[in-house]
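Some notes on the structure that comes next.
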Amino acid sequence: MKSITISIKKIKIICITLILLLCIYFIWGKLTSPYGEQKVSFIPSKSEKYTQGKLNFTIYKANKGVNQDIIYHFHGRNLDDAIWNDDTYYTSLIQQYWQKSNITPPTVVLVSYGPEWLLTPKNSMDKSGLIDDFISNLPQIETKTGKTRNRILLGESMGGLNVLILGLRHPELFSKIASLCPGVYLVSPFSDFTEKKAALKRTGADPKIAFGIYQMAKTYVTNEQEWKEISPINLMEKANTKYPELYLSCGLYDKYGNFEGTEALANLAISKGVKTYWHPLYGGHCAIDISSLADFLVIN
């Protein structure tokens, strides 16, 4: 009986100790969590939101006026068409730079088909065909923006891949492409396991992220040939000097493993005679050089 009593006391002590440790862990977590966010001081653009079938887009115009160019901005994964005026996002730094430099910027049209999507031509997959949908909607969008002089593409991460697909498949429609930390790879979602494993080792990509990217791509294309129709490396093989000017940037330690492919794309574009600005950066996913990007997006 005595031994049972001692055992119960030990269990109680252990339980109390565990509860105390959990409380300390919770309190320490609260105390050491960030108390706020670094925000950018800028004047937000005026905005108007529209929906056209599957397409959502918001038109942004700087309060002090805009020039006759349009930036079509394709957002990253899990974002939306409200991101341009977010005072914690890099887009607010671009606006701040223009305002401090007294630059009259383009109109910005932020494009969204939801939190996750790829601009692919129509194939057997249900989600495919968004590139055709966007092109067909261009005239309707531009009835709302006003007269257009130049179209400029801007995108980061998933959006960076989308602007490359769009701009390299339809180079006649766009003057410039700014692609930041895009999902460009030297292997395809249909490469064998050995090739993918070697790519993970070379790039230092997070395997979980890479697997998710490969699976996402397979919901839009079904085979290697369909992948080549949207792969920026393959599309750039057809490029000539009449292609849009290209701005590429990527962090050396991009956890998506994007640096290798983006650097290869930049070198290929230069070899094809495409006017290319390559900005390798010391940092992680979507490290961005704001001043050079903001200058690139304005055509004098």
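The set of residues in the range 251-267 that are free of Cβ contacts under 8 Å to residues at least 24 places away in the same chain and open to solvent by 20 Å² or more (accessible area, probe 1.4 Å) comprises 263, 267. For residue 124, indicate whether it is part of a loop (DSSP other than H, G, I, E, B) and closer than 23 Å to residue 186 by Cα. For residue 124, the condition - part of a loop (DSSP other than H, G, I, E, B) and closer than 23 Å to residue 186 by Cα - is not met.
For the range 164-183, residues that are touching a Gly at 6+ places or on another chain (Cβ under 6 Å) and among the charged types (D, E, K, R) total 0. Against the test of being at pLDDT 80 or above and β-branched (Val, Ile, Thr), the options 8, 4, 19 yield a single qualifying residue, 19.
Of all residues in the range 268-300, those being in a helix (DSSP H, G or I) and free of Cβ contacts under 8 Å to residues at least 60 places away in the same chain number 6. Could you look through the range 138-154, keep only residues that are among the β-branched types (Val, Ile, Thr) and in a helix (DSSP H, G or I), and pick out the one that is nearest to residue 111 (Cα to Cα)? My answer is 141. Entry remark, the range 76-95: residues being open to solvent by less than 50 Å² (accessible area, probe 1.4 Å) and polar (S, T, N, Q) number 4 in total. Helices (runs of 4 or more DSSP H) fully within the range 155-250 that include at least 2 residues being modelled with pLDDT under 95 and open to solvent by 10 Å² or more (accessible area, probe 1.4 Å): 193-203, 207-217, 224-228.
Scanning the range 46-75 for residues that are open to solvent by less than 50 Å² (accessible area, probe 1.4 Å) and in a strand (DSSP E or B) turns up 55, 56, 57, 58, 59, 60, 70, 71, 72, 73, 74.
Per-residue answers, yes or no, for (1) under 30 Å from residue 225 (Cα atoms); (2) among the polar types (S, T, N, Q):
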| residue | (1), (2) |
| --- | --- |
| 67 | no, yes |
| 91 | no, yes |
| 97 | no, no |
| 122 | yes, no |
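If you check 100, 122, 127 for being closer than 22 Å to residue 232 by Cα, without any contact (Cβ under 8 Å) to a residue 24 or more places away in the chain and surrounded by fewer than 20 Cβ atoms within 10 Å (Cβ to Cβ), only one passes: 122. Of the candidates 219, 203, the single residue that is touching a helix residue (DSSP H, G or I) at 6+ places or on another chain (Cβ under 6 Å) and more than 20 Å from residue 177 (Cβ to Cβ) is 203.
The values are calculated or read from the model by the stated rules, or taken from the named source; none is laboratory data. Bear in mind the structure is a predicted one, so any value in this text is a computation, not a measurement. Cβ sites come from the backbone with ideal geometry, for glycine too, and all protein chains shown count toward neighbours. SASA here: full protein model, heavy atoms, side chains in, ligands and nucleic acids out. Shrake-Rupley method; radii C 1.70, N 1.55, O 1.52, S 1.80 Å.
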